[in-house]
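See structure below.
The values are calculated or read from the model by the stated rules, or taken from the named source; none is laboratory data. Treat the numbers as computed from the prediction; the structure is a model and nothing was measured. Quick reminder, even Gly has a Cβ in these numbers, built from the backbone with ideal geometry, and neighbours come from all protein chains shown. The accessibility values were calculated without ligands, DNA or RNA, using every heavy atom of the protein model including side chains. Shrake-Rupley method; radii C 1.70, N 1.55, O 1.52, S 1.80 Å.
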Protein chains: 2
Amino acid sequence: MGAVGKLAPKPSADAAAGVRLGALRHSIGFLLRVCQVRLYDQFYERLGDSDLRPGEFSLLWVISQNPGIKQGVLAQTLAIKPAHMTKTVRRCAARGLLHRVIPEDDRRSVQLSLTLRGTDFVTANSHNFFGPTAYNTHSLTEEEAATLAHLLRRFCGLPDCEPERAAR
Amino acid sequence: MGAVGKLAPKPSADAAAGVRLGALRHSIGFLLRVCQVRLYDQFYERLGDSDLRPGEFSLLWVISQNPGIKQGVLAQTLAIKPAHMTKTVRRCAARGLLHRVIPEDDRRSVQLSLTLRGTDFVTANSHNFFGPTAYNTHSLTEEEAATLAHLLRRFCGLPDCEPERAAR
DNA sequence: CGAAGATAGTTTACAAGGAAATTAAAAAAT
DNA sequence: ATTTTTTAATTTCCTTGTAAACTATCTTCG
């Protein structure tokens with residue numbers, strides 16, 4: 001999947017540089033979208049050949065940190081709507097990456113845990129998402145990236161620290 | 001269109017607060033997505049009844065700041081792929097908000113300008129996107145929001161200032 | 001104890017967004 | 001001057017993500 005929006009400078013990219021944005025240049029909504037598209041492009045540049053889709057790693061990662069987490073709680077955590085969460089979870093289960101368990105004490109809900117294969121998958125792919133070799137490259141310093149992350153958490157209401165106790 | 005992801009706290013929202021994120025809590029990619037979804041929800045909360053769609057205002061706004069801008073340049077500026085830009089531009093043209101003009105000196109391209117109706121539309125809707133009454137509410141101070149915007153521009157490579165000359 | 005209301009996840013249908021192929025036009029190469 | 005290559009936008013088809021309706025299950029109420 002080769003994206004039209006390539007990262008190497010092009011004549012038309014130069015043309016975009018001459019566009020006046022006015023107040024939009026300071027609009028967080030607009031800036032979030034542009035950053036999101038850039039990240040998406042970088043994701044496919046690095047991982048386009050793998051069978052990993054955007055968001056799937058996050059899903060598996062959060063399950064690895066919270067074995068037995070309920071599907072609805074996971075959906076809420078990752079800001080994914082229930083319908084899409086159902087499809088994604090079933091796709092990962094079909095690939096043998098996670099277990100779906102219906103608890104006896106609440107047969108409406110689904111509890112999720114990684115399989116050994118899923119754990120290996122998360123371990124093998126972590127370097128693409130965290131640390132200096134992550135797919136999303138940028139020109140910010142470590143301090144600037146930390147400030148950006150802090151402000152984004154503030155913006156969306158996510159705490160800076162892990163909760164005291166794990167969710168069940 | 002009532003989003004499942006409501007902003008008022010709910011029992012399941014409390015459950016999400018108890019989830020351990022590990023390194024994901026500091027991942028800019030993940031944080032950008034959560035912020036994006038939150039913005040999307042806020043957009044529909046404020047403007048769900050209107051005939052405005054996400055991104056359409058930005059499109060009209062940039063055209064208002066750059067009359068005669070080429071469609072490809074606009075697409076690049078807003079990080080929208082050409083196919084989608086075609087559909088969105090034609091939809092706005094059908095609503096009488098903009099003119100599509102094929103210049104004699106390059107009949108491949110399309111130049112865009114707002115109609116009077118489009119200009120009125122942008123003027124009438126600006127307060128929903130810029131300033132203290134914008135739809136995207138958050139708890140950041142003005143200084144923090146400015147820093148966030150600055151770091152997002154740094155992240156995606158967008159300059160802090162307007163270009164010296166308008167694009168043709 | 002049974003009915004009504006709420007919750008959790010699933011299914012279906014649809015809209016948004018984009019890849020790939022296409023068309024039309026301009027620029028570059030021969 | 002003609003052919004080839006490149007550019008700009010469009011069309012078609014597909015995937016992703018979600019609203020709405022649905023099913024199954026649990027909780028609350030009378």
Exercise for the section: Test A:Ile80 against the stated conditions and say whether it is more than 7 Å from chain B (Cβ to nearest Cβ), under 23 Å from A:Gly29 (Cα atoms) and out of contact with any His (no Cβ under 6 Å at 6 or more places or on another chain). Expected result: yes
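If I ask for residues that are more than 13 Å from chain A (Cβ to nearest Cβ) and surrounded by fewer than 16 Cβ atoms within 10 Å (Cβ to Cβ), which ones from the range B:100-122 would you list? Talk me through it step by step, then tell me what you get.
First, the residues of the range B:100-122 that are more than 13 Å from chain A (Cβ to nearest Cβ): B:100-105, B:107, B:110, B:113-121.
Answer for the range B:100-122, where residues must be more than 13 Å from chain A (Cβ to nearest Cβ) and surrounded by fewer than 16 Cβ atoms within 10 Å (Cβ to Cβ): B:Arg100, B:Val101, B:Ile102, B:Pro103, B:Glu104, B:Asp105, B:Arg107, B:Thr115, B:Leu116, B:Arg117, B:Asp120.
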Exercise for the section: Could you list all residues from the range A:62-76 that are open to solvent by less than 70 Å² (accessible area, probe 1.4 Å) and of a type outside the set (A, V, I, L, M, F, W, C)? Expected result: A:Ser64, A:Gln65, A:Asn66, A:Gly68, A:Gln71, A:Gly72, A:Gln76
Exercise for the section: For A:Ser27, indicate whether it is of a type in the set (Ser, Thr, Tyr) and more than 16 Å from DNA strand D (Cβ to nearest atom). Expected result: yes
Practice task
From (1) at the interface with chain B (Cβ under 7 Å from one of its Cβ atoms); (2) at pLDDT below 95, pick out the condition that doesn't hold for A:Arg53.
Solution key: (1)
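Are there helices (runs of 4 or more DSSP H) fully within the range A:43-96 with at least 3 residues that are more than 12 Å from DNA strand C (Cβ to nearest atom) and over 22 Å from A:Thr137 (Cα atoms)? List them.
Values: elements: A:56-65, A:71-78, A:82-94.
Where helices (runs of 4 or more DSSP H) fall fully within the range A:43-96 and carry at least 3 residues being more than 12 Å from DNA strand C (Cβ to nearest atom) and over 22 Å from A:Thr137 (Cα atoms), they are A:56-65.
Say we look at the range B:95-115 and pick out the residues that are more than 18 Å from B:Val62 (Cα to Cα) and either in contact (Cβ under 8 Å) with a residue 40 or more places away in the chain or charged (D, E, K, R) (or both); which of these is nearest to DNA strand D (Cβ to nearest atom)? Can you show your working first?
Taking the range B:95-115 as the starting set, the residues that turn out to be more than 18 Å from B:Val62 (Cα to Cα) are B:102-108.
After this cut, where a residue has to be either in contact (Cβ under 8 Å) with a residue 40 or more places away in the chain or charged (D, E, K, R) (or both) as well, the list is B:104-108.
Numbers: B:Glu104: 14, B:Asp105: 12, B:Asp106: 7, B:Arg107: 9, B:Arg108: 4 Å.
Residue satisfying both the conditions and the ranking: B:Arg108.
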Fill in the blank from the handout: Scanning the range A:77-94 residue by residue, those more than 8 Å from DNA strand D (Cβ to nearest atom), open to solvent by 70 Å² or more (accessible area, probe 1.4 Å) and either in contact (Cβ under 8 Å) with a residue 60 or more places away in the chain or under 16 Å from the mean Cα position of the chain (by Cα) (or both) turn out to be none
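Quick grid of which residues meet (1) open to solvent by 30 Å² or more (accessible area, probe 1.4 Å); (2) among the hydrophobic types (A, V, I, L, M, F, W, C); (3) away from chain A (no Cβ under 14 Å):
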{"residue": "B:Leu98", "(1), (2), (3)": "no, yes, yes"}
{"residue": "B:Asn128", "(1), (2), (3)": "no, no, no"}
{"residue": "B:Ser139", "(1), (2), (3)": "yes, no, no"}
{"residue": "B:Glu144", "(1), (2), (3)": "yes, no, no"}
{"residue": "B:Glu164", "(1), (2), (3)": "yes, no, no"}
Handout entry: Scan of the range B:12-32 for residues that are open to solvent by 40 Å² or more (accessible area, probe 1.4 Å), touching a helix residue (DSSP H, G or I) at 6+ places or on another chain (Cβ under 7 Å) and within 28 Å of A:Thr147 (Cβ to Cβ), ordered by number
Key = B:Arg20, B:His26
Handout entry: Flag for A:Pro132 being more than 11 Å from chain B (Cβ to nearest Cβ), closer than 21 Å to B:Phe155 by Cα and either part of a loop (DSSP other than H, G, I, E, B) or in contact (Cβ under 8 Å) with a residue 12 or more places away in the chain (or both)
Key = yes
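Based on this model, can you work out whether B:Leu114 counts as within 16 Å of B:Pro54 (Cα to Cα) and touching a strand residue (DSSP E or B) at 6+ places or on another chain (Cβ under 8 Å)? Walk me through it before giving the result.
Values: within 16 Å of B:Pro54 (Cα to Cα): no; touching a strand residue (DSSP E or B) at 6+ places or on another chain (Cβ under 8 Å): yes.
Against the criterion (within 16 Å of B:Pro54 (Cα to Cα) and touching a strand residue (DSSP E or B) at 6+ places or on another chain (Cβ under 8 Å)), B:Leu114 does not qualify.
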